[in-house]
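Each remark here refers to the structure printed beneath this line.
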Amino acid sequence: MSAHYRRFEILLPLRFNDGKPVPGDLIADTIIQLRQQFGAVSAETQTIRGQWQHQGEVYRDELVRLFVDVEDTSSNRRFVLRLKEELKQRFQQIDVWITSYPIDVL
């Protein structure tokens, strides 16, 4: 494979900031959206627990990790940046943590 690839990892909440459970269809819709855009998506079924602080308030998260491995292009990066803003609205979040890094696909 000669193309350069990048992995985007998205942490989605299983609970809203007020503690109420996120409906499963919101996560399912996001998985479908990523599959339709990139042709494939993966999700980890383990719950990731985290804590973070914003304006003096501590938030405790229960999260699921989605990831896609895609060609490292500016158009894919722009899509993910737009998706981040959509996800903040969809999941009623102050922020949605998305990381990316280059990968070698063997």
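What follows draws every value from the coordinates through simple rules; no lab data is involved. Values in this document were obtained by computation on a predicted structure and should not be read as measured data.
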- Extension gain from A40 to Y101, taking 0.36 nm per residue of separation minus the Cα-Cα distance: 20.2 nm
- Where does the chain land on the Kirkwood hydrodynamic radius, alpha-carbon pairs, in angstrom? 14.6 Å
- Starting at the first residue of the range 27-38, write each ³J(HN,Hα) from the Karplus equation 6.51 cos²θ - 1.76 cosθ + 1.60 with θ = phi - 60°, in whole Hz, x for Gly and Pro. 6, 4, 4, 5, 4, 4, 4, 5, 5, 5, 6, 10
- Message: For the range 61-101, compute Rg over Rh where Rg is the Cα radius of gyration and Rh is the Kirkwood radius from the inverse mean 1/r over Cα pairs.
- Response: 0.98
- Task: Would you calculate a helix-derived [θ] at 222 nm for the chain, using -39,500 (n - 2.57) for each DSSP H run of n ≥ 4 and dividing by the full residue count, to the nearest 500?
- Result: -10000 deg cm²/dmol
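Express the relative contact order of the chain as a whole percentage, based on alpha carbon pairs under 8 Å and six or more residues apart in sequence.
Details: 155 pairs, mean separation 48.0, N = 106.
This gives 45 percent for the chain.
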- Item | Residue-by-residue Karplus 3J(HN,Hα) for the range 16-22, coefficients 6.51, -1.76, 1.60, Hz, glycine and proline x | 5, 4, 7, x, 6, x, 6
